[in-house]
Each structure stands twice: as C-alpha cells, then as structure tokens.
Amino acid sequence: MIATIAATVLYASSGGGDGGGELAFLLAGPIGGAAFYAYVYRYYRNQDKTHRFEQETIVERKAEITGDDRKVGENNGTRQRRIEGDNINNHRQRVRPIE
Amino acid sequence: MTSTPESPPPPPTGAPVGGTPPQPAAAPPPAEAAVPAAPPPPPAQPGDPASGIAEQVAAATAPPPPQTENARLHDGVNRCPRCGSTDIQLRPATGMLVCLFCRYEWSEARVEERFGFGEGIRDLQGTIIASGAGDIDASVNDVITLKCGGCGAEVVVQTATQMSARCHWCRHMLTINEQIPNGAVPDAVLPFHLTHAQAVEKIAAFAGKRRLFAHSRFKAEFTPENVVGVYLPYMVVDANATSDVVGHGEVLTRTYTRGSGDDKKTYYDADVYWLHRRVEFAVDDLTVESSADRSNLDIAANTNNIINAILPFDTKNAVAWNANYLGGFTSEKRDQNVEAITPRVQDQLMSIARSQVEGSVAGYDRGVRWEQERLDLHGSRWVSMYLPVWLYSYYHVEGGRGMAHYIAVNARTGETMGSVPLAKGKLFLAAALIGTVLESAVIAFLVATL
C-alpha cells in the first residue's frame with residue numbers, strides 16, 4: 001500500500017513525465033489521500049474481484065495460432081506512450097463482431 | 001533536440017505467429033496511423049446450404065445426450081447398502097456418504113469417468129446437454145409430495161431449497177433423486193470438503209484483517225458461526241471453438257525529446273500494423289452460474305461478484321447425484337436454461353481467445369487495439385452441477401439502501417473472498433490525515449529548497 005502511494009506521489013511530482021514538476025509536487029497530498037482511500041475501499045469491498053476464468057480454466061490449443069501482420073502506416077511524432085485504444089490486456093472488453 | 005533511435009523491429013515470422021511483428025518485403029500501403037482493413041473471409045455461415053447439410057448430418061450422427069440420472073436411487077426412501085437405515089449424511093473430511101446407524105461409508109461414482117465428460121472435447125460438434133441440464137418446465141411445481149416408503153404417509157419437500165425431508169410419522173429420511181424438469185436435480189454434485197469449523201476460521205480470519213475501517217455495526221454483529229453451507233447451481237461447459245480477432249498494433253521505432261527546460265517533451269515514432277489472429281481451442285469445465293440472481297454481477301446492486309470470485313472448483317471430482325450429499329446443507333435450484341446461459345459462455349470464450357492470442361502479439365511494444373472479433377462455437381457440452389459454498393451473509397443498510405454483503409468460502413479449495421461494509425467517515429478522515437501529512441512534507445521540502 002505504501003509503495004502504491006509512494007509511486008503515485010512520485011509520478012505526480014514528476015508531472016507525469018514532462019516539466020511542471022514543482023507545481024505537480026503540490027498535488028502529492030490530495031493524490032496520496034485519494035490513493036489511500038481507494039486502496040482501503042478496494043481491500044474491504046473487493047468489487048474488482050471476479051473469477052479469472054481466462055487463467056483458471058483448462059484451455060488446450062488445438063493448433064498453433066495463425067494470422068497475418070501487415071504494415072499499413074506510421075504514427076510519427078505522437079506524445080502517447082501506447083497505441084490509442086490499447087486493449088491488449090483487457091480481454092473482457094468486447095469489440096465489434098466480424099460480420 | 002536529442003534523438004534516441006530504438007532497435008529495429010524483429011524480423012518476420014510468418015504464420016503461425018509467435019509474438020513478434022513481421023516486416024513485409026513489399027512496400028507498405030499509404031501511411032495512415034490506423035487504416036481499417038477488410039477482415040478475413042468468414043467461414044460457412046449457418047444459413048449456407050452446405051453448412052446446413054453438414055449440421056443436419058452432424059445432428060443425425062451425434063450421440064444421444066448423456067443420461068445422468070442415478071438409476072440406483074429413486075424419490076422417497078433410499079437405504080444404506082449395508083444395514084438399510086435411511087439416516088445417511090456426507091462426511092466432509094472424506095467426501096464419503098456415511099450411514100449414521102452402522103457407520104458404513106461409500107461414495108457415488110465420479111461423473112468424469114462414468115459419463116466420459118473429460119473426453120473428446122476437441123472434437124465436440126453441436127450442443128450436447130446432459131439430462132440434468134435440460135430445459136426447465138415452468139409448469140412443474142417446486143413443491144413435491146412424496147409417499148413415505150416406510151409408513152405410507154405423504155411428505156412435502158420444497159425443492160427450491162431442500163432435497164430431502166424426514167417423515168414426521170416414522171422418521172425415515174425421504175430424498176429427491178429423479179430428474180424432474182424443474183432444475184432441482186442436477187447431473188452431478190461436488191460434496192463439501194471443508195467443515196463448518198474450518199469455514200468459521202477462514203471467515204473470521206478474512207474479517208479480522210479488515211477490522212480497522214469496518215463499519216461499527218458490522219463489527220458488533222459479526223457472528224461467523226452463522227455461516228451457512230449451501231450448494232449453488234452451476235453449469236459446467238466443455239467447448240470446442242475457433243476465434244478470429246482483428247485490429248492494429250504499433251512498434252516503437254524512435255523516441256526523442258524536443259525543447260528544453262520546462263518545455264522539454266518526449267515524442268515517439270511507431271510503425272502501424274494491421275493484425276489478424278486465429279486460435280482454435282478446447283475448453284474443459286468452464287464454470288458459470290445457472291441461477292439468474294447469482295449471475296447478476298452488478299457491483300452497484302449486489303456482492304455476487306464475491307461468490308463468483310471463489311471459482312474455480314475441482315469439478316473433475318464431482319460425483320453422480322445422491323440427495324444425501326445435501327443432508328445438513330441448503331441448496332439453491334437452477335432457474336436458467338442452456339439457451340439463457342449461452343451468451344455469457346460465448347462472451348467468456350471470446351475473452352479466453354483474446355487471452356490466448358496475447359502472447360502472439362507481444363512484439364508490439366506500443367500495444368494492440370483489437371477492433372473486431374468472432375467466435376465460432378463448433379461444439380459444446382453442458383453439465384449441471386451443485387457446487388459447495390460456505391456463505392456468510394450480512395445485510396447492511398447505508399443511505400436508505402440495503403445490500404447483502406457476502407463472505408464466501410470455496411468448500412473444496414478454501415479460497416475465501418468477501419465484502420466488508422466500510423466506516424466511510426472514519427476512512428475519509430484517515431485519508432485526509434495522510435494527505436495533510438504528505439502535503440506538509442512537500443511544502444516543507446519546497447520551502448527548504450527554494
């Protein structure tokens with residue numbers, strides 16, 4: 001818990017990576033307090049907990065995964081660390097069906 | 001401006017794929033950050049004539065659904081195989097049935113071997129529904145009247161919560177074992193393994209770690225001894241499926257900064273790829289709730305997610321139905337059919353597919369945005385089961401709204417999860433105090449360094 005708060009405060013104090021560190025440093029108190037509240041709330045209520053069926057169910061791959069990878073362009077000069085709409089880890093987010 | 005070129009993307013691997021984005025030899029299409037591309041051609045659809053014929057052939061040659069009814073037992077008096085007594089109970093420590101009169105112990109057969117539920121999953125075609133998982137007939141009453149085989153008296157059993165009753169005249173135990181179409185008798189039952197004392201210990205330990213900010217009324221009324229052993233209804237599903245997912249991924253090619261001092265900013269260059277992945281997989285014993293109430297996981301309205309979180313169970317050890325396994329426990333009967341549960345199962349299978357392909361796109365170090373997906377469920381097998389849960393329930397009213405907070409223990413594995421009502425005012429004050437201390441430290445630091 002302390003590590004989580006420290007990391008949050010550290011991130012705030014660094015201004016999320018660019019400039020404005022001193023000003024963001026002043027947000028350490030509110031962010032630290034809010035992080036503590038959120039951590040304890042989650043620890044007591046466990047609203048984020050469900051069966052991790054993706055990992056806890058026996059799954060046998062019948063064949064190697066197949067597919068295609070085609071370069072279709074470049075995304076240069078972006079300030080975003082990740083692709084927009086990154087959902088590689090969000091397995092439960094449903095997207096449009098392939099018709 | 002400083003520039004930090006990244007190492008070039010990994011070489012192509014072709015299909016099958018293995019976690020690194022390939023570099024095609026041909027010139028790429030026009031450079032757009034995210035170009036929608038046509039997904040791969042779909043397989044034969046159910047409406048296609050060829051597909052329809054194939055389905056009819058598969059249906060005609062499909063084996064009959066497994067008949068899981070325990071033919072040795074019937075509704076009413078079922079006796080100990082050795083002495084003939086009807087006072088039979090589960091002995092959780094061994095998972096065996098024990099005759100309370102002669103102490104003889106025995107067990108029903110595991111359904112995994114008896115009905116071959118662990119076999120042929122990768123070749124499943126069509127929908128196979130075991131006899132205990134069939135559709136519920138709304139006209140069948142939950143209340144069943146049994147004629148006592150000992151004295152002839154009529155005894156009523158409310159199958160919504162109980163599967164046995166004692167004859168009030170001759171004291172024989174009467175049990176429900178025939179698969180009537182009201183969802184009360186499943187294909188299999190997984191007996192309790194943890195005892196009441198062990199469950200109390202786990203619940204007390206779980207709540208004990210959460211005393212400081214627990215609501216005062218919860219702490220005052222906390223009585224772990226009131227934990228109830230309940231068999232909850234689940235559908236255990238085997239599936240043979242193929243899934244396609246389509247999207248875009250990015251590979252970092254360069255990181256650099258522009259500006260100086262406070263205006264220094266970091267920029268990234270990336271190559272954009274169109275991706276398609278196909279995974280063929282077989283899933284063994286995917287377990288989902290088959291009660292409409294329990295399958296509602298709306299965290300704003302209930303704490304059913306707590307019961308969901310103690311999955312999975314060792315469903316391979318489930319045994320053929322015998323109502324005596326339920327003696328001393330309550331049960332909640334299934335009220336959903338395969339058709340109602342199917343969308344949830346398909347959703348979970350799609351999530352499993354997305355999890356399976358994750359490793360194959362690990363080389364896209366700026367992440368992947370999946371945009372389209374499809375699941376082709378070739379075959380599935382559905383088995384209804386009662387699974388054992390120790391459940392502590394506390395009804396807490398807050399802001400005029402009541403909610404049952406559960407602490408649940410998986411009565412096979414001991415996995416424990418719960419929801420403890422919070423003293424929110426106390427927590428807010430503690431958070432404010434921590435925030436104030438942090439802020440004071442920061443201000444002191446800034447003053448000292450200015």
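In table form, for the structure just shown:
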item: Where a residue in region A:25-45 is more than 7 Å from every other protein chain (Cβ to nearest Cβ) and its partner, wherever it lies, is assigned to a helix (DSSP H, G or I) and hydrophobic (A, V, I, L, M, F, W, C), with Cβ under 6 Å and at least six apart; result: A:LEU27/A:ALA12; A:ILE31/A:ALA12; A:ALA35/A:ILE5
item: Residue list for region A:46-78, filter: at the interface with chain B (Cβ under 7 Å from one of its Cβ atoms) and among the basic types (Lys, Arg); result: A:LYS49, A:ARG61, A:LYS62, A:ARG70, A:LYS71
item: Among the candidates B:TYR267, B:TYR231, residue that is more than 9 Å from every other protein chain (Cβ to nearest Cβ) and either at pLDDT 95 or above or in a strand (DSSP E or B) (or both); result: B:TYR231
item: Condition met for B:ASP298 (more than 22 Å from B:ILE352 (Cβ to Cβ) and without any contact (Cβ under 8 Å) to a residue 24 or more places away in the chain); result: yes
item: Residues of region A:51-92 that turn out to be under 18 Å from the mean Cα position of the chain (by Cα) and either aliphatic (A, V, I, L, M) or assigned to a strand (DSSP E or B) (or both), as a count; result: 2
item: Which numbered condition B:THR257 misses (of (1) among the polar types (S, T, N, Q); (2) touching a Lys or Arg at 6+ places or on another chain (Cβ under 7 Å); (3) under 30 Å from B:ILE121 (Cα atoms)); result: (3)
item: Answer residue from region B:144-198, given it is at pLDDT 85 or above and acidic (Asp, Glu) and is nearest to B:GLY134 (Cα to Cα) among those; result: B:ASP187
item: Qualifying residues in region B:354-381 (those that are assigned to a strand (DSSP E or B) and touching a helix residue (DSSP H, G or I) at 6+ places or on another chain (Cβ under 7 Å)) - the one farthest from the other protein chains (Cβ to nearest Cβ); result: B:LEU377
item: Candidates B:ARG278, B:ARG210, filtered to the one that is touching a helix residue (DSSP H, G or I) at 6+ places or on another chain (Cβ under 7 Å), surrounded by 15 or more Cβ atoms within 10 Å (Cβ to Cβ), at the interface with chain A (Cβ under 9 Å from one of its Cβ atoms) and not hydrophobic (A, V, I, L, M, F, W, C); result: B:ARG210
item: Subset of region B:175-201 (residues that are touching a Gly at 6+ places or on another chain (Cβ under 7 Å) and surrounded by 24 or more Cβ atoms within 10 Å (Cβ to Cβ)); result: B:VAL185, B:PRO186, B:ASP187, B:PRO191, B:PHE192
item: Matching residues, region B:408-444, being touching a strand residue (DSSP E or B) at 6+ places or on another chain (Cβ under 8 Å), among the hydroxyl-bearing types (Ser, Thr, Tyr) and more than 10 Å from chain A (Cβ to nearest Cβ); result: B:THR416
item: Odd one out for B:ALA292 among (1) within 28 Å of the chain's Cα centre (by Cα); (2) within 7 Å of chain A (Cβ to nearest Cβ); result: (2)
item: Residue, modelled with the highest pLDDT, within region B:310-362, restricted to residues that are within 21 Å of B:SER131 (Cα to Cα) and among the acidic types (Asp, Glu); result: B:GLU339
item: Check on B:LEU124, surrounded by fewer than 16 Cβ atoms within 10 Å (Cβ to Cβ) and either at pLDDT below 90 or aliphatic (A, V, I, L, M) (or both); result: no
item: Identity of the residue in region B:293-328, in contact with a helix residue (DSSP H, G or I) (Cβ under 8 Å, 6 or more places away or on another chain) and among the small types (Gly, Ala, Ser), that ends up nearest to B:PHE206 (Cα to Cα); result: B:SER295
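The values are calculated or read from the model by the stated rules, or taken from the named source; none is laboratory data. Owing to the predicted nature of the structure, the values given are computational and were not obtained by experimental measurement. Heads up, the Cβs are rebuilt from the backbone with ideal geometry, glycines too, and the neighbour counts pull from every protein chain shown.
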